[in-house]
Amino acid sequence: MKPDEFRKHAHELVEWMAGYMENVENYPVKSAVHPGDILSKIPDNPPEQSEPFDSLLRDFNEIIMPGITHWQNPNFFAYFPANTSPPSILAEMLVATLGSQCMIWETSPAAAELEEKMMMWLRDLIGLPSGFEGVIQDSASTATLAAILTAREKITDFSINNNGFSTAETLRVYSSGQTHSSVEKAVKISGIGKANLVKIPVREDFAMDVEMLREAILNDRERGFIPCCVVATIGTTGTTAVDPLRAIGEICSENGIWLHVDAAMAGTALILPEFQWMIDGREYIDSFVFNPHKWMFTNFDCTAYFVKDAGLLIKTFELLPEYLKTRTRGKVNDYRDWGVPLGRRFRALKIWSVIRSYGTEGLREKVREHIRIAFLLAEKISMEVDFEILAPVVISVVCFRYKPVGLNEDQINALNEKLNHQLNDSGKLYLSHTVLNGKYTLRMVTAQTNVTIEHVENAWEQIKTTARRLNS
Ligand SMILES: Cc1ncc(COP(=O)(O)O)c(C=O)c1O
């Protein structure tokens, strides 16, 4: 592709992008294609000869777009959001154009130094102690893996890194029963083993029961296990419950256990002074993760991972092959040593663009509004006698179900599952679900970048009407 062809197509694409953003509400939120639909439309073999970009764009519109679920539609209320925003997209365009590979300082000094500064900005914005240092990872799952590996190495004095497993099978990791599955994945990959992940029961509000944690650790010690790491969650995936950090931190501190905090979604709410209570006990934290790619309007992928002692993280991951030796080593941050991958994208530019474009007050305003909308929705739900709220509302997630009279629990579960499918199949909105105390629970997340109270009110009307029609 010649430069003027690129220029022409790039201009067309910018038009397409702006049009998409303006019209995204008119697309069905959830793709309605069936498994294999897209696969069958793509040729089995790549083209031998060059094809014009126009034909790619045509196929993109005809084949790909029907198979897209529109996460940027403000009627997307499922999972946690993967928000984007115009300043983030613009930065991503620059990043793609530069195509820098930011594995070490020398391979793009500006990327390394902007990353260092952006991590300081984010650290201060969310209220982590000033000694913490941060690195951008691709996902919270990767960051949690890094945390568990570092905890493993610290407690074994780096013997597993050096000699392989001899005592690893006796290590224990603790999290609540509501913790995200990425913790279990990390425990499996780290070689500690799924059987050594101790799931601590939760209280009525779905936050970790600290007394049960204390007991589990005591029991494990008596049986010869080595408690290695506790993962506390600020904003669980199911209900956004907040584990009691201070009490957990005290136990970790008394027992020499690594405390990792997963605040993948709710970390963004920490930019609000009124939500700083969630991080009370911060002085006990060893590592902390949150995802600007969820709720901070920075498109996927962009995970902020912070550690109290960067030296331990680096010692866990660093290697020094000849081809990566530089004259600046030791004087700068070579982020390849701060996690699993060697190659790294220039993600800091997105954060810079987003924060400068919104301003910290602008970010606070949006996040605060999302939370306000969630509480308004919860109020509306609790006013209906045939609906019930199933978990305390903490930030921007409301958990509820339809509960008409005269049905048993199994029937209510089946009805809510059917309701969820029918709503999602309508293309007008998209909800996801969880199961709380055996109850099929609808989750409505009011945190999409452009969601307004009107979107939520319309969705709520549709939920009520569909539910009552299903049961009539
Ligand atoms: C609490 C929590 N932790 C971790 C994750 C995993 O995030 P990622 O997709 O960045 O790995 C999620 C995903 O929703 C989550 O809700």
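What follows is calculated from the coordinates using simple rules that are stated; it is not laboratory data. Computed from a prediction, not measured in an experiment: that's the story for all the values here. Here Cβ is always computed from backbone atoms with ideal geometry, including for glycine, and neighbour counts include all displayed protein chains.
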### Message
Looking at Val173, Val187, can you tell me which residue is in contact (Cβ under 8 Å) with a residue 40 or more places away in the chain and buried (at least 24 other Cβ atoms within 10 Å of the Cβ)?
### Response
Val173
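In the stretch 111-133, is there at least one residue being closer than 20 Å to Gly224 by Cα, hydrophobic (A, V, I, L, M, F, W, C), more than 16 Å from the ligand (Cβ to nearest atom) and touching a Cys at 6+ places or on another chain (Cβ under 9 Å)?
If we filter the stretch 111-133 for residues that are closer than 20 Å to Gly224 by Cα, which is where we start, we get none.
Scanning the stretch 111-133, I find no residue that is closer than 20 Å to Gly224 by Cα, hydrophobic (A, V, I, L, M, F, W, C), more than 16 Å from the ligand (Cβ to nearest atom) and touching a Cys at 6+ places or on another chain (Cβ under 9 Å), so the answer is no.
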### Task
Output the residue which, of all residues in the stretch 295-309 that are farther than 17 Å from Ser353 by Cβ and assigned to a loop (DSSP other than H, G, I, E, B), is farthest from the ligand (Cβ to nearest atom).
Asp309
### Task
Could you list all residues from the stretch 335-382 that are over 18 Å from Lys294 (Cα atoms), among the acidic types (Asp, Glu) and surrounded by fewer than 21 Cβ atoms within 10 Å (Cβ to Cβ)?
Glu361, Glu379
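Provide a single number: the residues in the stretch 202-226 that are in a helix (DSSP H, G or I), aliphatic (A, V, I, L, M) and touching a residue at least 12 places away in the same chain (Cβ under 8 Å).
The initial filter retains those residues of the stretch 202-226 that are in a helix (DSSP H, G or I), namely 210-222.
Now narrow it down to the ones that are aliphatic (A, V, I, L, M): 210, 212-213, 216-218.
Now drop any that are not touching a residue at least 12 places away in the same chain (Cβ under 8 Å), which leaves 210, 212-213, 216-217.
Qualifying residue count for the region: 5.
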### Message
Test of understanding: among Gly427, Gly406, which residue is of a type outside the set (A, V, I, L, M), surrounded by fewer than 16 Cβ atoms within 10 Å (Cβ to Cβ) and at positive phi?
### Response
Gly406
#### Entry: When residues of the stretch 247-294 are limited to those that are among the polar types (S, T, N, Q), within 16 Å of the ligand (Cβ to nearest atom) and not in a strand (DSSP E or B), the one surrounded by the most Cβ atoms within 10 Å (Cβ to Cβ)
Thr268
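Please go through the stretch 71-80 and give me each residue that is out of contact with any helix residue (DSSP H, G or I) (no Cβ under 6 Å at 6 or more places or on another chain) and either buried (at least 22 other Cβ atoms within 10 Å of the Cβ) or not hydroxyl-bearing (Ser, Thr, Tyr) (or both), ordered by number.
Start the filter on the stretch 71-80 by keeping residues that are out of contact with any helix residue (DSSP H, G or I) (no Cβ under 6 Å at 6 or more places or on another chain), which leaves 71, 76-79.
Hits for the stretch 71-80 are Trp71, Phe76, Phe77, Ala78.
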